[in-house]
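Enquirer: Shown below is the structure under consideration.
The values are calculated or read from the model by the stated rules, or taken from the named source; none is laboratory data. These numbers were taken from a predicted model, which means no experiment stands behind them. Glycine also receives a Cβ, built like all others from the backbone with ideal geometry; neighbour counts cover every protein chain displayed. What goes into the accessible areas is simple: the full protein's heavy atoms, side chains included, and nothing from ligands, DNA or RNA. Shrake-Rupley method; radii C 1.70, N 1.55, O 1.52, S 1.80 Å.
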Amino acid sequence: MRPIPNPLVGLCAGALLIAAAPAARAQLELTRSGGTLGADLVYTLVGDPFGISLLLPSLQTGPTPLALLDPSDPRVLGVGIDVPALWSVGVHDGAGVRTVPFPLPSVVGLNGLVLFAQAIALPGATTAVGDISDRTAVALGAPNVSVATPFEAPAGWAGHSATLLADGRVLIAGGAASDALGASLPTDGLHLYDPQSGAFTTLAGTLATGRVAHTATRLADGRVLIVGGTGDLGTALASAEVVDPVAGTSTPTAALFEPRVAHTATLLADGRVFVAGGTQNFDFSDPLAGLLDVLASTRLWNPATGTWAAGPNLPARRIAHAATRLNDGRVLVSGGLIVNVFFGIPLPAISGDCRLYNPATNAFSSAAGVPGARAFHGQVILPDGRVLAAGGADGDVLTQVFNTRADTHVYNPANNTWIAFGALNAARAYVQLTVSGNGQRVVASGGVASIDLAAGGGAAATTTESAPLPGGTWTTIGAPLGVRPLAPAVAIDGGRRILTTGAAAPLDLSAETLVLY
């Protein structure tokens, strides 16, 4: 690299005249928020009170040797020095904080452009540069536009879980990946996506058991409980394990009383996890053969003891339902494929039946049914405490003819009623529902436009929709970069973006984020 950092040399020299080198420094920290075109991209630096720092935005990742400034400094920067016009030097306040806003122009041609940034403290104790911050990265995008993540995901997952952690990162666990012959196999990988760095990292530890279509529930202490799913040859699993994202490990916990897949797992207010329904053995190519394996039982996992206890049975066996914890601590269980058994004969039906589980009494009570029978639907709690149920599928299990639904409804726990919210522009099942961080709208993404049980999916839904809250009309806001019909969607960046991961069609190992605001 040719020696062109003259502006940086000048700034370092100026800093040496302004402040004497301190005996010790706190680690310089750099975080960013925003990245939406037409709004501010804000960098926050935290270091020494009244310390001096230089912020270096860049379109490159480096490495840039600091020996260009100080021959005695062997360190390197993780960014280039290609955009000196954007450099910003300044003094931190008395709390050690410095904020640097960058207004972003609303220019379509900047969609997807990745901007890196790193900061350095000036001066160092023995070198021209003191501490070096972590590098941040953001893919710029206009509202309602999907952009690729700054770095590609390490694998094209399917059937994995994606769990938002308390620190804003996302834990990706398990899923299926294709081998060299194209066969789909369960994996045991654990990965973290960091919205600040834009990068995926693979944890040193792995799941104790490779699994697909499991549940992942973030616990009160920050760990994540992984339950059930399917393993080799599609066999349902009874095993469970707890992932510690900080340690980068996963530890087996007590197994369920029975194998379970297509169940729900809900964190209760007291820290326990409530598992409901599902099946012990479901063959998508022959769903009628496994109807007696559908479960009515519920289970409760206690993080203090790592053990399971029996909960109350649902009135009937249930699969493909949804479950959401209400603000009062109860759990709303809605819809699904319900199997009643008469004289040993299973009678399946897709239902709108709803139940409320009360942890205080460890019992179910009836709730108003969601209008229209539905299974494989999406469900999310809204900022005002109501619950939105959207899409799904109805039809006849015996003939295996299913229709996707577009209607959406809102449940009000205060008066135990459902009201129509409006119809999606595109009917879909397995829909992912996400509420924006500012609470102003809800987004429906992913899913399938048609159901094909034999294939374990269906034709992918190819649009994303949004509706204002507390109520309004659904509007199509665009198409994803890749078709990921059964991929989980997670709100990141404080709810400003939605991260979608997983194998896409055509073949694409990248992930993407939808910019909301």
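Enquirer: Can you pull out the residues in the range 187-199 that are open to solvent by 30 Å² or more (accessible area, probe 1.4 Å) and hydrophobic (A, V, I, L, M, F, W, C)?
Expert: none
Enquirer: Give the range 418-440 a look and list any residue that's farther than 18 Å from A322 by Cβ and open to solvent by 40 Å² or more (accessible area, probe 1.4 Å), or say none.
Expert: A423, N425, G437, N438, Q440, listed by residue number.
Enquirer: Looking at the structure I just gave you, is G502 open to solvent by less than 20 Å² (accessible area, probe 1.4 Å) and on the phi > 0 side of the Ramachandran plot?
Expert: So G502 fits the description; yes.
Enquirer: Which residues, taken from the range 441-489, are open to solvent by 50 Å² or more (accessible area, probe 1.4 Å) and either more than 27 Å from A213 (Cβ to Cβ) or modelled with pLDDT of 95 or more (or both)?
Expert: P468, P470, T473, T475, T476
Enquirer: Within the range 98-212, which strands (runs of 3 or more DSSP E) (wholly inside it) include 3 or more residues that are touching a residue at least 24 places away in the same chain (Cβ under 8 Å) and not aliphatic (A, V, I, L, M)?
Expert: Once the strands (runs of 3 or more DSSP E) in the range 98-212 are filtered for at least 3 residues that are touching a residue at least 24 places away in the same chain (Cβ under 8 Å) and not aliphatic (A, V, I, L, M), what remains is 190-194.
Enquirer: To continue, here is another question. Is the range 328-348 home to any residue that is without any contact (Cβ under 8 Å) to a residue 24 or more places away in the chain, over 26 Å from A220 (Cβ atoms) and in a loop (DSSP other than H, G, I, E, B)?
Expert: yes
Enquirer: Can you work out which of the residues in the range 379-406 that are in a strand (DSSP E or B) and in contact with a Gly (Cβ under 6 Å, 6 or more places away or on another chain) is least open to solvent (accessible area, probe 1.4 Å)?
Expert: Step by step, filter the range 379-406, then rank; the result is A390.
Enquirer: Which of the residues belonging to the range 302-341 are open to solvent by 20 Å² or more (accessible area, probe 1.4 Å) and among the charged types (D, E, K, R)?
Expert: Scanning the range 302-341 gives R317, R325, D328, R330.
Enquirer: Shifting gears a bit: When only residues in the range 78-97 that are in contact (Cβ under 8 Å) with a residue 60 or more places away in the chain and open to solvent by less than 20 Å² (accessible area, probe 1.4 Å) count, which is nearest to V46 (Cα to Cα)?
Expert: Selected residue: G96.
Here is a yes/no grid of residues against (1) aromatic (F, W, Y); (2) modelled with pLDDT of 95 or more:
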{"residue": "G159", "(1), (2)": "no, no"}
{"residue": "A166", "(1), (2)": "no, yes"}
{"residue": "R169", "(1), (2)": "no, yes"}
{"residue": "G174", "(1), (2)": "no, yes"}
{"residue": "D179", "(1), (2)": "no, no"}
{"residue": "D188", "(1), (2)": "no, yes"}
{"residue": "L192", "(1), (2)": "no, yes"}
{"residue": "F200", "(1), (2)": "yes, yes"}
{"residue": "L203", "(1), (2)": "no, yes"}
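Enquirer: Can you pull out the residues in the range 213-263 that are hydrophobic (A, V, I, L, M, F, W, C), part of a loop (DSSP other than H, G, I, E, B) and more than 22 Å from the chain's Cα centre (by Cα)?
Expert: Answer for the range 213-263, where residues must be hydrophobic (A, V, I, L, M, F, W, C), part of a loop (DSSP other than H, G, I, E, B) and more than 22 Å from the chain's Cα centre (by Cα): L237, A238, A254, A255, L256, F257.
Enquirer: Right, something else. When residues of the range 164-181 are filtered for being closer than 18 Å to E152 by Cα and either in contact with a helix residue (DSSP H, G or I) (Cβ under 9 Å, 6 or more places away or on another chain) or surrounded by 20 or more Cβ atoms within 10 Å (Cβ to Cβ) (or both), how many remain?
Expert: 8
Enquirer: Would you mind stating whether V331 is in contact with a Lys or Arg (Cβ under 6 Å, 6 or more places away or on another chain) and under 23 Å from L233 (Cβ atoms)?
Expert: no
Enquirer: Pull out all pairs, ordered by first then second residue, where Cβ-Cβ is under 8 Å, the residues are six or more apart or on different chains, the first lies in the range 33-46 and is outside any strand (DSSP E or B), and the second is of a type in the set (F, W, Y).
Expert: Close Cβ pairs satisfying both conditions: A39/Y517.
Enquirer: Here is a further query. If you check S184 against the conditions, is it more than 22 Å from the chain's Cα centre (by Cα), open to solvent by 30 Å² or more (accessible area, probe 1.4 Å) and not basic (K, R)?
Expert: Yes: the conditions hold for S184.
Enquirer: Further question: Is it true that some residue in the range 281-296 is open to solvent by 70 Å² or more (accessible area, probe 1.4 Å), over 30 Å from A183 (Cβ atoms), out of contact with any Cys (no Cβ under 9 Å at 6 or more places or on another chain) and outside any strand (DSSP E or B)?
Expert: For the range 281-296, residues open to solvent by 70 Å² or more (accessible area, probe 1.4 Å), over 30 Å from A183 (Cβ atoms), out of contact with any Cys (no Cβ under 9 Å at 6 or more places or on another chain) and outside any strand (DSSP E or B): absent.
Enquirer: Mind checking which residues of the range 124-140 are more than 28 Å from the chain's Cα centre (by Cα) and either farther than 13 Å from G51 by Cβ or modelled with pLDDT of 95 or more (or both)?
Expert: Residues satisfying the conditions are T126, T127, A128, V129, G130, D131, I132.
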